[in-house]
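Below: one structure, written as structure tokens.
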Amino acid sequence: MKDVVISGLGVISAAGIGVATTRESMRTGARRPGPVSVFPSQLSYPVFEVARLQQDDPAPGLRTLDLARTAVLEALQDAGLLPLPDGRRVGICLGTTVASQVNDLDFYRAYRAGAPAKLDSVERYLHGNLAGALQRSLRASGPAVTVVNACSSGADAIGIARSWITAGYCDIAVAGGADEICSVPLSGFGVLGILSSAPCRPFDRDRGGLNLGEGAGVLVLETRESLESRGRSADLVLPAYGSAIDAYHLTAPHPEGVGLEAALRWALRAAAITPEDVDFVNAHGTGTMDNDLVEAATLARVFGKDVRFLSTKGITGHTLGAAGGLEAAFTALALRDGEVPASAGFATCDPQIGIHPLAQRTRVERDHAVSTSLAFGGGNAALVLRRTRERR
Amino acid sequence: MNVAGIGIVFSRGRGLDALAAALREGWRAPTWRAVTSLPGAEMPVYAVDDALLRDRAILGQMRRADRFTKMAVLAAADAVVDAGLMVAPGSTDVGIVVASGLGSHATAFRFLDEMLEFGEAAPSPTLFSRSVQNAAASHIALHLGAHGPTTTLTQFHLSFQQALLVASAWLSEGRCSHVLVGAAEECGAVMEYVCRERIRLAPDGRIEPLRFGAAPEAVPGEGSVFFVLARDRASRCYGTLEVAPAPSLDDADLVLVDSDGLTEDETPYRAVARARAVAAYSPVYGSMMTGTAFHCAAALLMLRDRLRFAVPVTENPHRLTVSLVPEPSDPGRIECIRHGCGEQVGSVRISR
């Protein structure tokens, strides 16, 4: 099996635009939720928006694409791949939720009223397919696909891109996820009763639900041969990706974490490591009662009761299709920096959960880490990352 | 990848026999439906009959699921039965890949209906959970009791080709022994309006897939087709499916063109003039971004039955070698190509 290395990282979220500012937010645990400002809303749930999102050539109405492009360009820059080199097949695999649907209320209001509904929003949708749009703008020549697996989309996109590389479908892959704050999920999660009216507190006894966020997280993956042929080395590897579905319910996780456990065990086996080799788990940790209970119990079952884990959603909010990409990038940064951030928002142990996330910054002692994602529809993804001793 | 089973639901029925009968019969006029928001306007549609979606044995536990999901679950379930595949309880050995150009948009719009009617704090939560793009894949997994890797993909015109790539990678990695891969498209009221306003509809309800013109005409269709793909060749095998890195028109015994009027310009298809023989069957099931999946089913039927179905066209302006009546044929390799937007092209190779 080919060794798939991580040669570039790009992130944008409420925690910061770019790796440098994000790293500082993770270190300090700064949380900046606030009311929705990107669209009018009567709902008062706090959200984690990206401040000052700027593009030289902003595509109107395509905020998710702007977010994705920002992270993709940073990741490619980090990998030394801008512009893309000739003769390399570069695949684009990105996950999203919002950008895969026509969620334009103005268009739909006009349609319902029988007035001529302008198709601008439909055109934007048709030109805003994340992978397709970035493939065109980057002139990338490998496969391109947009993954729409709800909240595990970003992690699944990274896993699929990894498979592309090991199968030889491309030499390099740009993979991750992106999503914007949008009125439809804000309304939908609100009526499901899983939005918190206060800053979220993943795994805390007093957690009251999730906060929506937005952003994009992207990894550049390639074979070690490809990287070394460019005169570079990598300090991060992506040894495995596990995926399994609960086959239980559309919105609730399996109470025994059947799919998550299967995904984790598959990933550990594929990476040829034991649970003891894993230093920490960057958990999905949304801050909802159900998710955190099931996820923590599963982590304890797979890794033992002393498992070190955290949720970064206390700093970014739940960024839906972006979450898996962002959290894979955060996991990579923690491995590289040798320090795991504290699980922001956590204060009090939940006796029902029995284990608790990292309450303070902690040194990384082992070389592997895992990032987990759970999704509506019952999807579960687990990415195993490893640091090496190579210098970049 | 070995094709061990096929399931299909489309405007002319359910199952491979229905597909074979439709391909033998050729073109049939579509239904003309009123366009909800355009008074007096009608448009041709190849719609799936609601009666087909009332299979209690399969859909009884998902009565509230939407049409998109029901079509996908039926096709997937039929493919599994056709393959004789037994999914052991708790098995992670069967993967699921669902491809769609436009997804379950009708449910997403119904959620917008409720947001507009009742306000953003009061829509149906059930409707929201059903509107997520991966709901169909989730229902398929629920029906089968399968816990393997499951993903839903969209890449407009090339969604199905990308799904096959994922399936191929999963099989070669040993992630699963079988992958249930398929496509689904739904033609809901809003999409009909969009089609009416945005694309050229065939005024006589007839797609002419061999015109290869700069202003092609479409007849929107809907349906779902699924394939059970196996790593190992089983006793039951229709043939093999592989995504080709680039179309290879010269080597194929037959080139299937998935031209259906949905792209703005079909002139790139003129390159198939050098192919030994050409066929196109979009007039049978309608225009769909994932039409290649339906063409793959047709190709596998031709391999199985050793015949070439007649091409249901009235025009062949580029004088391609086509069969206008069903003919015995034993093609070893069929290539199905679809052009997407711009320079995108996808190719699937179907072999015995």
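Over all directions, how big on average is the projection of the convex hull of the alpha-carbon atoms in the stretch B:1-102, in square nanometres?
9.1
Just to be sure I follow: if Rg is taken over the C-alpha atoms of the stretch B:74-200 and Rh is the Kirkwood radius over the same atoms, what is Rg/Rh?
Rounded to two decimals, Rg over Rh is 1.05.
Kindly work out what percent of the DSSP beta bridges joining two residues of the protein assembly as shown are antiparallel, to the nearest 5.
65
Of all alpha-carbon pairs in chain A, indicate the percentage at a distance above 33 angstrom.
The answer is 24 percent, as a whole percent.
Could you state the orientation-averaged shadow area of the convex hull built on the Cα atoms of the stretch A:119-262, in nm² to one decimal?
12.1
Using a Gaussian network for chain A with springs between C-alpha atoms less than 10 Å apart, which of these wobbles most: A:L219, A:L268, A:L192?
A:L192
Separation of the stretch A:80-99 and the stretch B:306-330 by C-alpha centroid, Å?
Centre-to-centre (Cα) distance: 40 Å.
Of A:V147, A:I165, A:S137, which is farthest along the charge dipole of the stretch A:128-254 in the positive direction, counting Lys and Arg as +1 and Asp and Glu as -1 at C-beta?
Farthest along the dipole direction, towards plus: A:S137.
Need one number: the % of Cα-Cα pairs in the stretch A:282-338 sitting beyond the 15 Å mark.
52
Extent of the stretch A:329-392 along each principal axis, from alpha carbon coordinates, in Å, largest to smallest?
Here the spans come out as 42, 31, 17 Å, largest first.
Using the Kyte-Doolittle scale, which helices in chain B average at least -1.0 and also have C-alpha atoms spread 18 Å or more along the helix axis, with helices defined as whole DSSP H runs?
Span-like helices in chain B: B:67-83, B:105-118, B:159-173, B:291-305.
Treat every Asp and Glu Cβ in the stretch B:56-211 as -1 and every Lys and Arg Cβ as +1, leave all other atoms uncharged, and give the resulting dipole magnitude about the Cα centre to the nearest 20 debye.
Taking the Cα centre of the stretch B:56-211 as origin, the dipole is about 160 debye.
At 15 angstrom or more along the helix axis (alpha-carbon based) and mean Kyte-Doolittle of -1.0 or higher, what helices does chain A contain? Whole DSSP H runs only.
Length and hydropathy pass: A:63-78, A:153-167, A:258-270, A:289-303, A:323-337.
Just read off the accessible area of A:K2 with the full protein assembly in place, 1.4 Å probe, to the nearest 10 Å².
For A:K2, solvent-accessible area is about 90 Å².
Could you tell me, in Å, what Rg and Dmax come out for the Cα atoms of chain B?
Every Cα atom of chain B included, Rg and Dmax give 19.4, 62 Å.
May I have the extent of the alpha carbons of the stretch B:145-243 along their three principal axes, as whole Å values ordered from largest to smallest?
Principal-axis extents of the Cα atoms in the stretch B:145-243, largest first: 48, 28, 21 Å.
Work out the length of the dipole vector of the protein assembly as shown about its Cα centre, built from +1 on the beta-carbon of each Lys and Arg and -1 on the beta-carbon of each Asp and Glu, and round it to the nearest 20 debye.
With only Lys, Arg, Asp and Glu charged at Cβ, the dipole is about 700 debye.
Cα-based Rg of the protein assembly as shown per 2.2 N^0.38 Å, rounded to two decimals?
The protein assembly as shown yields a ratio of 0.90.
With an 8 Å Cα cut-off and a minimum separation of 6 or more residues, compute the relative contact order for chain B in percent.
It comes to 23 percent, rounded to a whole number.
Along the positive direction of the dipole of chain B (beta-carbon charges: Lys, Arg +1; Asp, Glu -1; about the Cα centre), which of B:A29, B:P125, B:S177 reaches farthest?
Result: B:S177, furthest along the dipole toward the positive end.
The values are calculated or read from the model by the stated rules, or taken from the named source; none is laboratory data. Keep in mind it's a predicted model, so treat the numbers as computed, not measured. Backbone-built Cβ (ideal geometry, glycine too); neighbour counts: all protein chains shown. Calculation scope for accessible area: heavy atoms of the full protein, side chains included, ligands and nucleic acids excluded. Shrake-Rupley method; radii C 1.70, N 1.55, O 1.52, S 1.80 Å.
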